[in-house]
1. In region 208-256, how many are part of a strand (DSSP E or B) and of a type outside the set (S, T, N, Q)?
2. Quick check: anything in region 5-22 modelled with pLDDT of 95 or more, under 21 Å from F118 (Cα atoms), not in a strand (DSSP E or B) and not charged (D, E, K, R)?
3. Please specify each residue of region 250-273 satisfying the condition of being among the charged types (D, E, K, R) and modelled with pLDDT of 95 or more.
4. Tally the residues that are surrounded by 24 or more Cβ atoms within 10 Å (Cβ to Cβ) and within 20 Å of N175 (Cα to Cα), restricting the search to region 51-70.
5. Mind counting the residues in region 215-233 that are modelled with pLDDT of 95 or more and either more than 14 Å from L142 (Cβ to Cβ) or crowded, with 19+ Cβ neighbours inside 10 Å (or both)?
6. Quick check: is even one residue across region 118-125 in contact with a helix residue (DSSP H, G or I) (Cβ under 8 Å, 6 or more places away or on another chain) and of a type in the set (V, I, T)?
7. Search region 23-45 for residues being at pLDDT 90 or above and in a loop (DSSP other than H, G, I, E, B), and hand back the single one that is surrounded by the fewest Cβ atoms within 10 Å (Cβ to Cβ).
8. Scan T102, T119 and give me the residue that is modelled with pLDDT of 95 or more, within 18 Å of S39 (Cα to Cα) and exposed (fewer than 15 other Cβ atoms within 10 Å of the Cβ).
Amino acid sequence: MDAITRLPFLSELEEGADDRFHIAEREGARRRYRTIWISDIHLGTRGCNATMLIDFLDSVDSDTIYLVGDIIDGWRLKKRFYWPAAHNDVLWRIMKRAKRGTRVVYIPGNHDEMFRQFTGMNFGGVEIRRKAIHETADGRKLLVLHGDEFDTIMLAHRWLAFVGDAAYTTLMRLNVVVNAVRRRMGLPYWSLSKMAKHKVKNAVSFISRFEEVVAHEAGSRGVDGVVCGHIHNAEMREIEGIQYYNDGDWVEGCTALVEHASGAMEVLHWADEIAKRGEVSPALMAA
């Protein structure tokens with residue numbers, strides 16, 4: 001917890017992130033959405049694609065934004081403190097939105113579980129909740145939660161989860177190296193860890209089972225759908241009459257879930273959005 005208290009944004013969050021923080025916003029039109037969900041940013045780790053997330057935040061606006069867990073990686077920070085300026089920039093942008101009137105709901109995950117003790121509190125306009133019910137523009141009720149509650153590995157074998165975290169961190173370091181080489185070759189961002197996960201049969205099976213369990217639980221609570229994160233796999237599909245949405249992550253896929261004014265839902269793959277603009281990925285420029 002000592003490493004967490006050293007985070008430079010905490011005192012500013014409590015004070016409301018005053019106007020001395022100037023946020024440089026992208027010139028030109030910004031896309032407008034009713035709701036945005038992002039999760040699994042893992043600030044405090046080298047694998048976090050903070051620069052690409054900043055590009056996303058500078059390109060979109062919304063009435064509500066849900067931070068669906070693992071925003072800050074407390075597990076990694078306890079082992080080794082790592083906090084570059086870009087990670088501050090992400091948090092400043094989010095706090096600035098809260099001050100300007102955007103509803104910001106923060107649902108801590110397992111990697112930032114230390115913030116769960118503040119459930120029900122409000123810091124600088126950021127509401128901290130254990131879970132939430134979101135009503136879409138077309139009247140559907142969606143349960144919003146991180147998802148680690150349904151991870152049987154986390155619940156039954158917590159030590160194994162930490163071992164898996166170490167292996168995953170190593171893979172993400174390789175991901176940085178691979179993309180540095182791709183940048184020099186003029187190639188777009190590509191996730192080594194995401195490819196590896198989809199190639200491993202057991203991982204694919206786990207993801208499918210996780211989605212089914214989460215959808216079943218949502219159905220038992222009488223809602224129309226569920227939004228979660230946790231497994232770093234963006235997805236939209238119907239499971240036994242329940243709409244399952246996963247907003248993905250900002251380590252591997254760099255994705256966000258958005259709700260349009262009509263209530264229609266969409267997963268944005270931000271590396272692809274940048275490629276459409278004919279630009280070099282910010283994540284590669286920072287590599």
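The values are calculated or read from the model by the stated rules, or taken from the named source; none is laboratory data. Computed from a prediction, not measured in an experiment: that's the story for all the values here. Cβ placement follows ideal geometry from the backbone for every residue including glycine, while neighbour counts extend to all protein chains displayed.
1. 13
2. no
3. E259, E266
4. Going through region 51-70 one residue at a time, the tally reaches 2.
5. 6
6. No, that holds for no residue.
7. Within region 23-45, the match that is surrounded by the fewest Cβ atoms within 10 Å (Cβ to Cβ) is R30.
8. Only one candidate passes the filter, namely T119.
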